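See structure below.
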Amino acid sequence: MQINKLRGKELDQLFQAVLSLKDMEECYRFFDDLCTINEIQSLAQRLDVARMLREGNTYHKIETETGASTATISRVKRCLNFGNDTYEMVLERIKDENSSASKE
């Protein structure tokens with residue numbers, strides 16, 4: 001894991017802060033204070049690229065729909081293929097939560 005090089009008190013604090021958020025509104029407020037708009041958009045874009053790659057979309061379609069560069073798409077694809085499987089994990093959890101919510 002590349003992030004192991006950054007492991008320490010500050011990163012632990014950041015992750016503890018994220019895990020302490022209770023709902024979507026708290027996430028919006030926290031990330032608004034923590035990140036620039038461009039940083040938030042980049043993070044959201046990467047997750048959307050992962051979703052689209054997982055669905056089998058082409059680079060061209062992903063680039064057109066998300067505005068992501070081919071370099072970003074390639075990096076996300078590399079993570080999907082050789083990373084820690086967390087894109088898969090969170091996308092599956094989101095899918096499960098969304099399908100549970102639509103049944104209610």
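For segment 80-95, name all the residues that are part of a helix (DSSP H, G or I) and open to solvent by less than 90 Å² (accessible area, probe 1.4 Å). Write out each step before concluding.
Within segment 80-95, the first condition is being part of a helix (DSSP H, G or I), and the residues that meet it are 80-82, 86-95.
Leu80, Thr86, Tyr87, Glu88, Met89, Val90, Leu91, Glu92, Ile94 - these are the residues of segment 80-95 that are part of a helix (DSSP H, G or I) and open to solvent by less than 90 Å² (accessible area, probe 1.4 Å).
Inside segment 22-47, can you point out the residues that are assigned to a helix (DSSP H, G or I) and open to solvent by less than 70 Å² (accessible area, probe 1.4 Å)? Explain how you work it out, then say what you get.
We begin by selecting, within segment 22-47, every residue assigned to a helix (DSSP H, G or I); these are 24-34, 37-47.
Glu26, Cys27, Phe30, Phe31, Ile40, Ser42, Ala44, Gln45, Leu47 - these are the residues of segment 22-47 that are assigned to a helix (DSSP H, G or I) and open to solvent by less than 70 Å² (accessible area, probe 1.4 Å).
What pairs come out if I take residues in segment 1-29 that are in contact (Cβ under 8 Å) with a residue 40 or more places away in the chain and pair them with residues that are of a type in the set (S, T, N, Q) whose C-beta lies under 7 Å away, six or more apart or interchain?
Met1/Asn84
Output the qualifying pairs, or none if there are none: Cβ atoms under 8 angstrom, residues six or more apart or on different chains, first residue in segment 78-98 and closer than 19 Å to Gln2 by Cα, second residue open to solvent by 80 Å² or more (accessible area, probe 1.4 Å) and of a type in the set (Lys, Arg).
Pairs that qualify, where the first residue is closer than 19 Å to Gln2 by Cα and the partner is open to solvent by 80 Å² or more (accessible area, probe 1.4 Å) and of a type in the set (Lys, Arg), are Leu80/Arg54; Tyr87/Arg54; Glu88/Arg54.
Which of the residues that make up segment 1-21 are in a loop (DSSP other than H, G, I, E, B) and within 26 Å of Thr66 (Cβ to Cβ)? Spell out the reasoning first.
Here is the first cut: in segment 1-21, the ones in a loop (DSSP other than H, G, I, E, B) are 1, 7-8, 21.
Within segment 1-21, Met1, Leu21 meet the criteria.
I need the full set of residues from segment 48-71 which are more than 22 Å from Lys95 (Cβ to Cβ) and open to solvent by less than 90 Å² (accessible area, probe 1.4 Å), in order please. Show your work before the answer.
Just the residues of segment 48-71 that are more than 22 Å from Lys95 (Cβ to Cβ), to begin with: 59-60, 63-64, 67, 69-71.
Those that are more than 22 Å from Lys95 (Cβ to Cβ) and open to solvent by less than 90 Å² (accessible area, probe 1.4 Å): Tyr59, Glu63, Gly67, Ser69, Thr70, Ala71.
With respect to the numbered conditions (1) open to solvent by 90 Å² or more (accessible area, probe 1.4 Å); (2) at pLDDT 95 or above, which one is the sole condition not fulfilled by Asn98?
For Asn98, the exception is condition (2).
The values are calculated or read from the model by the stated rules, or taken from the named source; none is laboratory data. Predicted model only: the values in this text are computed from it and were never measured. As a convention, Cβ positions derive from the backbone with ideal geometry for all residues, glycine included, and neighbour counts pool all protein chains shown. In case anyone asks, the SASA skips ligands and DNA or RNA and just uses the protein heavy atoms, side chains included. Shrake-Rupley method; radii C 1.70, N 1.55, O 1.52, S 1.80 Å.
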